[in-house]
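Notes to accompany the following structure.
The values are calculated or read from the model by the stated rules, or taken from the named source; none is laboratory data. Model, not experiment: these values are computed from the prediction. FYI the Cβ positions are ideal-geometry reconstructions off the backbone, even for glycines, and counts take in every protein chain you see. Only protein heavy atoms, including side chains, enter the accessible area calculation; ligands, DNA and RNA are left aside. Shrake-Rupley method; radii C 1.70, N 1.55, O 1.52, S 1.80 Å.
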Amino acid sequence: MRKLTIPEEEYMLPGHTACLGCGATIAMRYVLKALGKKTILSIPACCWAVIPGVYPHRALDVPLLYTAFEVTGASISGIREALDVLGKEDVNVVGFAGDGGTADIGLQALSAAMERRHNVFYIMYDNEAYMNTGIQRSGSTPWGAWTTTTPGGKKRMFKHEPKKNVAEIMVAHNIPYVATATIAYPEDLIAKLRRAKEIKGPKFIQIFSPCPTGWRHSPDKTVEISRLAVQTNFFPLYEVINGKYKVSIKPKNPKPVKEFLKLQGRFRHLTEEEVEYIQHEIDENWKALLKKERCSQEE
Amino acid sequence: MPIILPEEPTPIAKVPSTENKTGGWRTFRPIIDYEKCIRCYICWKFCPDTAIDFAAPEKHPAPKDALKRFDTVEINYDYCKGCGICANECPANAIELVLEQNVGGEEE
Ligand SMILES: Cc1ncc(C[n+]2csc(CCOP(=O)(O)OP(=O)(O)O)c2C)c(N)n1
Ligand code: SF4
Ligand code: SF4
Ligand code: SF4
Ligand SMILES: [Mg+2]
């Protein structure tokens, strides 16, 4: 006998080639637990194109189609329409792409797929940089982070632009379901996917997925950092269902963002003032989110 | 020239990744102290390598009799990469990370 809080069924096999402690891998494990066997994935160039292993290896028990970096949105649109023509409407079609593939190069294909309102899931696993090609900055890299293209150093060339908010861009498409999630809260993540599954139309879920290799943190801290991202309001968890916001977790006494930053080498260079600036931005963003929740819930 | 089509027009990856024994990547070995393990399955929940399996309740000792009706857990060292997430998340501090070269020889 055993009491589990997430589904027992496993669709991700061991022996995959992700780095040790990879958050993106945990994200995939939960997504498939939530959606089950009747799922087809489309994955563009990203770490997850490498994690299943070199041909002829496979690490997943569901069909997976590799696609070009910029076209995940187009790919899932086509798969969905073809399945519908075949009468296979009960199959989940899932685009599973990195933040570079979503926030930057795949944004127009994603936007078009959402606007056409295909009945698909689009999962953005957000490790906040182009990891597969060696940690280059993306639109989703947060302010202050070191990457190989924002190297810091004496000239302080860390990233000086704020993180692009893709979930909000998706809300602006008026799609029925948008949510954020992260791997430290698997029950929340799985509940969100299951709620999304009940909705016909485009669904977008952004999963914050720590990356020990790119964030320069110890691999045993992946889940802890994911949890701290929520407890510090660095990455708030919320849902937007038909335009109505609902914040999933409201930390009673949010921790200072420093606790999240200090575990990661990518933020090591930051001064006290720079950390204070990040804290200020987080506080403002959090207030804005709560305001959106209040306003959208009012009739 | 005749066009030679491949036997399989679409290459399909059929070999399960379980062929790939990633345990060889390990620097640290997580070792469960069953005298402390409260069978909460949190390690199983967070393992990125699905390298923690369930085992029959009687396979390992338990700190309390009341726990003996629950299944226990085992780490599959063929695949565990030694990330240490399980040790970091275990609420009972029942998992210790031991440098592979310091692990006693009897298990190998
Ligand atoms: C058109 C095109 N440009 C560039 C690349 C090279 N490339 C492959 S993966 C990748 C980075 C992917 O970053 P992201 O989407 O964030 O996924 P991650 O690797 O971080 O998981 C790049 C630049 C490519 N495959 N195709
Ligand atoms: S680079 Fe990061 S996201 Fe990519 S496999 Fe390694 S840990 Fe995972
Ligand atoms: S997390 Fe710790 S206490 Fe819980 S099952 Fe694993 S080893 Fe046992
Ligand atoms: S060390 Fe990492 S890979 Fe090994 S069992 Fe623990 S969580 Fe899984
Ligand atoms: Mg990325």
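Okay, here's what the table says:
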| quantity | calculated |
| --- | --- |
| Partners for residue B:36 among lysines (Cα-Cα distance below 16 Å; same-chain residues under 8 apart left out) | B:59, B:64, B:68 |
| For the pair B and A, total buried accessible area rounded to nearest 100 Å², probe 1.4 Å | 3200 |
| Solvent-accessible area per residue for chain A (1.4 angstrom probe, square angstrom) | 41 |
| Qualifying lysines (Cα of each under 27 Å from Cα of residue A:37; at least 8 residues distant if same chain) | A:3, A:88, A:192, A:197, A:200, A:203, B:14, B:21, B:45, B:81 |
| Distance between the stretch A:91-129 and the stretch B:1-73 - C-alpha centres, whole angstrom | 30 |
| Carbon/sulfur fraction of accessible area - chain A, other protein chains in place, 1.4 Å, % | 56 |
| Solvent exposure ordering (accessible area, 1.4 Å, most first) of A:269, A:16 | A:269, A:16 |
| Fluctuation leader among A:132, A:174, A:165 - chain A, Gaussian network, Cα springs under 10 angstrom | A:165 |
| Among B:55, B:20, B:9 - extreme Cα towards positive end, dipole of chain B, charges at beta-carbon | B:55 |
| Most mobile listed residue (A:283, A:104, A:90) in chain A, GNM with C-alpha springs under 10 Å | A:90 |
| Exposure ranking of A:173, A:217, A:160 by accessible area [1.4 Å probe, largest first] | A:160, A:173, A:217 |
| Spin-label pair residue A:61/residue A:156, simplified geometry with 7 Å Cα→Cβ offset, distance in nm | 5.3 |
| Efficiency of FRET between residue B:100 and residue A:85 - r from beta-carbon atoms, R0 51 angstrom, step 0.05 | 0.45 |
| Net charge dipole size for the stretch A:23-297 [Lys, Arg +1 and Asp, Glu -1 on Cβ; Debye, nearest 20] | 360 |
| Protein-protein interface of the stretch A:37-86, residues with accessible area decrease of at least 10 Å², isolated chain reference, 1.4 Å probe | A:55, A:56, A:57, A:58 |
| Per-bin percent of Cα-Cα distances, the stretch A:1-75 [5 Å] | 3, 14, 25, 25, 20, 8, 3, 2, 1, 0 |
| Among A:214, A:53, A:95, residue whose mean-square fluctuation peaks in a GNM of chain A (springs only between Cα atoms under 10 Å) | A:53 |
| Estimated inter-spin distance, residue A:218 and residue A:297, nm [label 7 Å along Cα→Cβ] | 3.9 |
| Dipole-positive endmost among A:140, A:108, A:153 within the stretch A:61-169 (Cβ charges, Cα centre) | A:153 |
| Dipole magnitude (debye, nearest 20) for the stretch A:33-110, charges at Cβ of Lys, Arg, Asp, Glu | 320 |
| Carbon plus sulfur fraction of accessible area for the stretch B:22-101, probe 1.4 Å, in percent | 51 |
| Lys, Arg +1 and Asp, Glu -1 on Cβ, resulting dipole of chain B about Cα centre, debye, nearest 20 | 380 |
| In Å, descending, principal axis extents of the Cα set of the stretch B:22-101 | 37, 21, 19 |
| Equivalent ellipsoid semi-axes, the protein assembly as shown, via Cα gyration tensor eigenvalues times 5, rooted, Å | 32, 29, 23 |
| Loop GluC sites (Glu not before Pro), the stretch A:240-298, which have at most 16 other Cβ atoms in a 10 Å radius of their Cβ (DSSP) | A:298 |
